[in-house]
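See structure below.
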Amino acid sequence: MNASPELPGQPADRTSLPATLRQWHAVYPLVGNPPNTLLSVPDDLLQYVVAAARNIPCTPPVCSPGAWGQVFDCLRPHGIIPLLAWHLSSWPEECQPPEVILSGLKEVLFYGAVRNLRMGPQIRQVLDAFNEAGIQVLLVKGPALARTVYPDPALRQSSDIDLMIRPEDFLRCERVMETLGYSCPARTYHISPHAFHHQAFLPGNSGVMVEVHWMADFGYGYFPKNWLINSMERKIHVESKDLAFDTLHPLDHFQFLVLHNIIQHNHRRLDWIMDIARLVQEFSTPGEWKAVQASSVMNHTRIPVEIALNEAELWSGQPLPANVADFSTWPAPSAREVHLWQYARTQEVSAYAAIRLHLSGLPGYSEKLKYCGRFIVLPPHLMTGYRRSKGRLDPYLAHLRRWWSIIHHL
């Protein structure tokens, strides 16, 4: 049986890839303003984008400069332009897009390469400081994936640096970051280490934001309590051209990314989908796929794993092994996951669902009551996104603005 009645299962219409993508993302939308803007381009252009993502050379469609420019703009929020530029640059000239478009793509690729070069020393400085302080730390998500599952770090851009540590090490981590010149206006760990999963540190001068995670499942109560400890023990060591670091084992990284892409965010980015597609290539034996299936049930991610694998196959064109592709043969999701999924799938558009999902992972009535209190009146230092001026009345108006936005999602 299928994992959930809300799941469409594997896309049935495979005669037209653009039609299949639109059918799928009508349920699981892509980022954009409005969502799914990329899917509004003509079929032949969309087919060409998919071919570029899959690195399958083909003749470009005959389009106006405006149509090519529209595709370029639609791709910007997806973080996938460097990968497309890398692929297209290696294609025969007759398969490449117009020179002005290819030049624009290459410019983004060059920017990504420069950004990664600048980010490397920053990552190294932070990792060295943590190691000197005796804090076990993992580099995760974009910067780690760029140096493990992609052929060149420039192909996977990142807007920040994600680290993972044990929760008991966080106060020492905070002191280390302060010594390095980072500031943290939100101080989320001190508000609640149970209701928040990471704290963002801002660099004093140049550099990008560093997010330090002490939980992997965002406090929703998905992963078992010993997940982080076991993942730390299964870590792998990576020696790249510019960095030496520890990161999650591919199986744990896969679970972490699935929860991030499908549960935390309602709208998908293509670079996230390609991350999954590339990480899936690490699972080559029946035993490894059995481990994926078992961990998806144990971590209550059986439903989002199915969604993530379907999306990865649609965009990458890499078929799943025959004994894996039939999800009806997979073990069913746990009762807890089915319960959580009814809230997870609508949390971005329903304040009620978001509250229920957060409360499900909080330990004890005290933490749940504190969360409800913060939901009603957010701490002042977390209200900056709702402030419009420095006037005396604006702090009160900010709360009204926040509640106005909440009411629209009830």
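Could you please find all residues in segment 313-352 being buried (at least 18 other Cβ atoms within 10 Å of the Cβ) and of a type in the set (D, E, K, R)?
GLU313, GLU337, ARG345
Could you tell me whether any residue of segment 279-300 is at pLDDT 95 or above, within 26 Å of SER159 (Cα to Cα) and of a type in the set (A, V, I, L, M, F, W, C)?
Yes, there is a match, as at least one residue in segment 279-300 is at pLDDT 95 or above, within 26 Å of SER159 (Cα to Cα) and of a type in the set (A, V, I, L, M, F, W, C).
Scan ASP242, ASP252 and give me the residue that is modelled with pLDDT of 95 or more, within 15 Å of LEU139 (Cβ to Cβ), outside any strand (DSSP E or B) and out of contact with any strand residue (DSSP E or B) (no Cβ under 9 Å at 6 or more places or on another chain).
Sole residue among the options that is modelled with pLDDT of 95 or more, within 15 Å of LEU139 (Cβ to Cβ), outside any strand (DSSP E or B) and out of contact with any strand residue (DSSP E or B) (no Cβ under 9 Å at 6 or more places or on another chain): ASP252.
Mind listing whichever residues of segment 310-330 are among the aliphatic types (A, V, I, L, M) and within 17 Å of GLN23 (Cβ to Cβ)?
Residues satisfying the conditions are ALA312, LEU314.
So which pairs qualify, if the first residue must be in segment 319-330 and more than 17 Å from ILE303 (Cβ to Cβ), the second must be outside any helix (DSSP H, G or I) and not charged (D, E, K, R), the Cβ gap must be under 9 Å, and the two must be at least 6 apart or on different chains?
Close Cβ pairs (under 9 Å, with a partner that is outside any helix (DSSP H, G or I) and not charged (D, E, K, R)) amount to PRO321/PHE283; PRO321/SER284.
Residue-by-condition table, conditions (1) surrounded by 18 or more Cβ atoms within 10 Å (Cβ to Cβ); (2) outside any helix (DSSP H, G or I); (3) modelled with pLDDT under 95; (4) among the polar types (S, T, N, Q):
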position: ASN33; (1), (2), (3), (4): no, yes, yes, yes
position: ALA51; (1), (2), (3), (4): yes, no, no, no
position: CYS58; (1), (2), (3), (4): no, yes, no, no
position: TRP68; (1), (2), (3), (4): yes, no, yes, no
position: GLY104; (1), (2), (3), (4): no, no, yes, no
position: ILE123; (1), (2), (3), (4): yes, no, no, no
position: ASN131; (1), (2), (3), (4): no, no, no, yes
position: ILE135; (1), (2), (3), (4): yes, yes, no, no
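Which count do you get for residues in segment 373-410 that are under 31 Å from the mean Cα position of the chain (by Cα) and among the hydroxyl-bearing types (Ser, Thr, Tyr)?
The total comes to 3.
Looking only at segment 219-230, which residues are over 14 Å from ARG166 (Cα atoms) and of a type in the set (A, V, I, L, M, F, W, C)?
PHE223
I want to confirm something. Restricting to segment 161-203 and keeping residues that are crowded, with 17+ Cβ neighbours inside 10 Å and charged (D, E, K, R), which single residue is nearest to the chain's Cα centre (by Cα)?
This residue is ASP162.
Count, please, the residues in segment 255-282 that happen to be surrounded by fewer than 22 Cβ atoms within 10 Å (Cβ to Cβ) and not in a helix (DSSP H, G or I).
6
The values are calculated or read from the model by the stated rules, or taken from the named source; none is laboratory data. It should be emphasised that the depicted structure is a prediction, and the values quoted were computed from it without experimental measurement. Note that each Cβ is placed from the backbone with ideal geometry, even for glycine, and that neighbours are counted across all protein chains shown.
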